[in-house]
Amino acid sequence: MDYRDILYETDDRLAFITLNRPEKLNALNNNLRGEVMDAMREAEHDDAIGVIVLRAAGRSFSAGYDLSPSRAAGDDDFVSHRSKLPDTGSTHPGATQWSRHVVMTNWIVWELAKPVVAQIQGHCLAGGTELATTCDFRIVAEDAQIGYPPVRAMTTMDMLWTPWHLPPAKAREFAFMGDSVSGEEMARLGWANYAVPKEELGEFTERFARRLGYIDNEMLMYTKRAVNRQYETMGIRTALHSGTEIQALSAQRAAAKEWGRRVREDGLKAALEWRDGPFRDFRGAYDSAPKDRAVAGTDKKAD
């Protein structure tokens, strides 16, 4: 396939989909997301393939959604010509429909007939966690860093997966502060199946996926469907969609305007440093980040 932002390869029973924007830490622009979903469908269509491995080039799985204006180039081949988003069957009109679109896109992975194994190294942040969480299995490097820093100043999580994958106390902590959690800890908490040394990650993931591939395609499909329907009976579809409505509301709060103002006036990198400064992690670890800034909305002129 002729992709720009991903690589697609097959080897015996496995299909490998590789996020391929390493210079951007595999930030998820609309075209990349559309290419991933197209490649997922390609692997689903191929009778020779039993298992899909989703991985990433470079030092990080994904830094999250691409926040730059170039996220939607407008002429990409793998987005809807109407919405400029990966096609979910809706154009998602309106100013606060992003999270609804995110969840609807991720249901494509959920409904695939074939299991998807995510191979995660480096940073896996925000939208990167949502994409990884929608996969059936997650294998992480022990020193990977999983987090959701946008909840500190931007909006609530686009896809509120934490209550479904983490113990209640940790689900709240992650959703409130988005702090970086190691791959080793995320395996202990149950979000990841395994955490392994980063130099062993690729080999371990492939061995795991090939073991899955010994099972025939229809059995894999029916098992995945059976497990999914249990979660759906417990309400996961309704819960995740209801979370998107609250995310839209959180974007309308007064303090959200400060984030937008800082992006416009100071640029994205400076705004990220402002967001993470008091936490002293992610962009807040930079010397130039404001460590003692005022709470958003309380002093709009404070730095």
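Data for the structure
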{"read-out": "Protection proxy ranking, peptides 142-153, 278-289, average beta carbon neighbours within 10 Å, highest first", "value": "142-153, 278-289"}
{"read-out": "Among [x] 5, 23, 35, 27, 8, 1, 0; [y] 6, 24, 27, 23, 14, 5, 1, 0; [z] 6, 27, 37, 23, 6, 1, 0, the entry that matches P(r) over Cα pairs in 10 Å bins from 0, in percent as calculated here", "value": "[z]"}
{"read-out": "Percentage relative contact order, the chain, counting C-alpha pairs under 8 Å, at least six apart", "value": "15 percent"}
{"read-out": "For Ala126, residues with placed amide H under 5 Å, excluding near neighbours", "value": "Gly147, Tyr148"}
{"read-out": "Amide H contacts of Ala192 (H built 1.01 Å from N, under 5 Å, at least 5 apart or other chain)", "value": "Ala187"}
{"read-out": "Packing-based ranking, highest mean first, of 35-41, 266-272, 212-218 given that Cβ atoms within 10 Å are counted", "value": "35-41, 266-272, 212-218"}
{"read-out": "Pairwise centroid distance, computed over Cα atoms, of region 108-147 with region 27-52, Å", "value": "14 Å"}
{"read-out": "Highest-first arrangement of 9-16, 162-169, 87-94, where packing means the average Cβ count within 10 Å", "value": "9-16, 162-169, 87-94"}
{"read-out": "Heavy-atom accessible surface of region 192-272: percent carbon and sulfur, 1.4 Å", "value": "56 percent"}
{"read-out": "Region 198-212 - phi-based ³J(HN,Hα) in whole Hz, Karplus 6.51/-1.76/1.60, Gly and Pro as x", "value": "4, 6, 9, 4, x, 5, 5, 4, 5, 5, 4, 5, 5, 5, 4"}
{"read-out": "Per-residue [θ]222 nm for the chain (sum of -39500 (n - 2.57) over DSSP H runs n ≥ 4, rounded to 500)", "value": "-12500 deg cm²/dmol"}
{"read-out": "Dipole of the chain, positive end: most advanced residue of Ala169, Val117, Leu7 [Cβ charges, Cα centre]", "value": "Ala169"}
{"read-out": "Amide proton proximity set for Thr10, modelled H, under 5 Å, gap of 5+", "value": "Phe16"}
{"read-out": "Accessible area expressed per residue, region 1-130, with surrounding protein chains retained (probe 1.4 Å, Å²)", "value": "39 Å²"}
{"read-out": "Crossing angle, helix 168-177 versus the chain [Cα axis fit, 0-90 degrees, rounded to tens]", "value": "50 degrees"}
{"read-out": "For region 124-133, Karplus couplings with θ = phi - 60° (6.51, -1.76, 1.60), whole Hz, Gly/Pro x", "value": "10, 10, 6, x, x, 5, 5, 4, 5, 5"}
{"read-out": "Region 64-138 - charge dipole about Cα centre, Lys and Arg +1 at Cβ, Asp and Glu -1, debye rounded to 20", "value": "160 debye"}
{"read-out": "Leading residue at positive end of dipole, the chain (Cβ point charges), from Ala248, Trp98, Tyr194", "value": "Ala248"}
{"read-out": "Whole-percent carbon and sulfur share, accessible surface of region 1-104, 1.4 Å", "value": "44 percent"}
{"read-out": "Solvent-accessible area per residue for region 217-303 (1.4 angstrom probe, square angstrom)", "value": "62 Å²"}
{"read-out": "The chain: Lys pairs at Cα distance under 20 angstrom, eight or more positions apart or on different chains", "value": "10"}
{"read-out": "Rounded to whole Hz, the Karplus (6.51, -1.76, 1.60) HN-Hα couplings of region 263-272, x for glycine and proline", "value": "4, 5, 7, 10, x, 5, 4, 5, 5, 5"}
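The values are calculated or read from the model by the stated rules, or taken from the named source; none is laboratory data. Predicted model only: the values in this text are computed from it and were never measured. As a convention, Cβ positions derive from the backbone with ideal geometry for all residues, glycine included, and neighbour counts pool all protein chains shown. Heavy atoms of the whole protein, side chains included, go into the accessibility calculation; ligands, DNA and RNA do not. Shrake-Rupley method; radii C 1.70, N 1.55, O 1.52, S 1.80 Å.
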